[in-house]
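Read through the structure below, which is laid out as structure tokens, and then see the notes.
The values are calculated or read from the model by the stated rules, or taken from the named source; none is laboratory data. Fair warning: this is a prediction, and the values are worked out from it, not measured in the lab. So basically every Cβ, Gly included, is an ideal-geometry build from the backbone, and we count neighbours across all protein chains shown.
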């Protein structure tokens, strides 16, 4: 949600519960009337969440003792003594206070459940977005693998990373590919790995990447410029932003 609306969102949740009153109610309704689309959308979302929450709660009958107490309170009284009237007034006062506390407790529980439900929905959205990204990456890899022009290049670990290895799925027609690494050492925060396409003796930068704790990365290299024929690919350790010419140790090398 937009920064600066937290104050209105808090009132919106209470408004959706029907518990906003007094000056705050007037101010919130005036804010809605001003045409704030953010708060309108948030209020709509809150009411939908409350509806879902309401449907998920199992209805329960109140205890018989509570029912009896309420009936006693509302039963007509005749010929009451002033002292009895005062006692009755006090009883009503305490009973009204109890109802108010109970109402506030219900509102608090609903608000807490609403916040939790919204948090769960946000997590579900994030998981869905991650799944969509992963699916798109798999589709991209399958599309690349199905091309008749692809070449698979094995990159071997050199002295700086002897346990490392990589495969480059290279399409010389599209002049792009996907690098899959394994066993590369993790880099400091100011360093990253840089891929190079080598045309003869000329290295052409092909993007920087980082690896996970297992030294793995799936890196989609950018399209390399026309006019060069690449016969080798290499990976070096460089400053995090990348460089135009190799300056760090070479960790992987493969020949087409």
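Listed values, structure above:
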read-out: Members of the range 226-251 found to be closer than 17 Å to residue 170 by Cα and surrounded by fewer than 17 Cβ atoms within 10 Å (Cβ to Cβ), listed by number; value: 226, 227, 228, 229, 231
read-out: Condition check for residue 211: farther than 17 Å from residue 190 by Cβ and either assigned by TED's automatic domain parsing to the domain that holds residue 197 or within 31 Å of the chain's Cα centre (by Cα) (or both); value: no
read-out: Criterion: in a strand (DSSP E or B), touching a strand residue (DSSP E or B) at 6+ places or on another chain (Cβ under 7 Å) and under 19 Å from residue 152 (Cβ atoms) - qualifying residue of 192, 234; value: 234
